[in-house]
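*Asks:* Please read through the structure below; I'll follow up with questions.
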Amino acid sequence: METLKTAITIVEIIVATAAVLLIGDYIGYKFGRMKLATYTLFTVLGIIILFAIYAAVRLNQG
């Protein structure tokens, strides 16, 4: 049963990656690749900062 869960997870990751690549290619074509890269960079940095704050708060609560 564990191998089935692993296989399902792998398939989900592959499908999600393909979907993200297609969407990114389309948006990059529509808005420009540099603009897309800039927005992605700022979004990823924001998510990392929010996660660091969340992790610090959760670790301090005990």
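The values are calculated or read from the model by the stated rules, or taken from the named source; none is laboratory data. Treat the numbers as computed from the prediction; the structure is a model and nothing was measured. Glycine also receives a Cβ, built like all others from the backbone with ideal geometry; neighbour counts cover every protein chain displayed.
*Asks:* Condition (residue is exposed (fewer than 10 other Cβ atoms within 10 Å of the Cβ) and either part of a helix (DSSP H, G or I) or polar (S, T, N, Q) (or both)) applied to segment 10-17: is it met by at least one residue?
*Replies:* no
*Asks:* Then there is this: Would you mind stating whether residue 57 is modelled with pLDDT of 90 or more, surrounded by fewer than 10 Cβ atoms within 10 Å (Cβ to Cβ) and assigned to a helix (DSSP H, G or I)?
*Replies:* yes
*Asks:* Continuing with this model, one more query. List the pairs whose first member sits in segment 21-44 and is at negative phi, whose second member is in a helix (DSSP H, G or I) and β-branched (Val, Ile, Thr), and whose Cβ atoms are under 7 Å apart, counting only residues at least 6 apart or on separate chains?
*Replies:* 36/27
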